[in-house]
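Take a look at the structure set out below.
Nothing in this text is a laboratory measurement; each read-out follows from the coordinates by a stated rule. These numbers were taken from a predicted model, which means no experiment stands behind them. Note that we place each Cβ from the backbone using ideal geometry, even for glycine, and neighbour counts take in every protein chain shown.
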Amino acid sequence: MDDFHDQGAMYSTFGMFKEAIKAYKVAITMRPDDACAYCNLGNAYYKLGMLKQARDYIKAAVKIEPNYKDAHYNLALVYLELNDRDSAREQYKILKTLAPQDATKIFKLISK
């Protein structure tokens, strides 16, 4: 990780999501293959209720690292918030292999 990624994580910890977004964007500029930074950027957008941006950045994380279980989990949560149950189900299917416990949590949310 780099300083900007760490800075973004610190801002997120304190609920300073706008500042976190700025830091993660710099981190991505410096390391465009950093799937974790993309996922964390998406999570910051999610926390601000900016769901389409959250979806796009978390999808970018999955594209960089297809087996990134946290990104698949977070993407499923975003899809559920967007009321896109079919896409959330696709993430559930992927999670069944990558992280069965997380898949179970998503399944329960889809089933509500």
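Structural remarks
- Enumeration of residues in region 1-24 that are in contact with a Gly (Cβ under 9 Å, 6 or more places away or on another chain) and either of a type in the set (Val, Ile, Thr) or over 23 Å from Pro66 (Cβ atoms) (or both): Glu19, Ala20, Ile21, Lys22, Ala23
- Selection count, region 93-112, where residues are free of Cβ contacts under 8 Å to residues at least 24 places away in the same chain, surrounded by 15 or more Cβ atoms within 10 Å (Cβ to Cβ) and outside any helix (DSSP H, G or I): 0
- Selection within region 18-44 - touching a residue at least 24 places away in the same chain (Cβ under 8 Å), assigned to a helix (DSSP H, G or I) and within 18 Å of Leu75 (Cβ to Cβ): Ile21, Ala35, Cys36, Ala37, Tyr38, Cys39, Asn40, Leu41, Gly42, Asn43, Ala44
- The condition (being crowded, with 20+ Cβ neighbours inside 10 Å and closer than 20 Å to Lys105 by Cα) is satisfied by just one residue among Ala27, Ala71: Ala71.
- Filtered residue count, region 36-56, keeping only those that are surrounded by fewer than 19 Cβ atoms within 10 Å (Cβ to Cβ) and among the small types (Gly, Ala, Ser): 1
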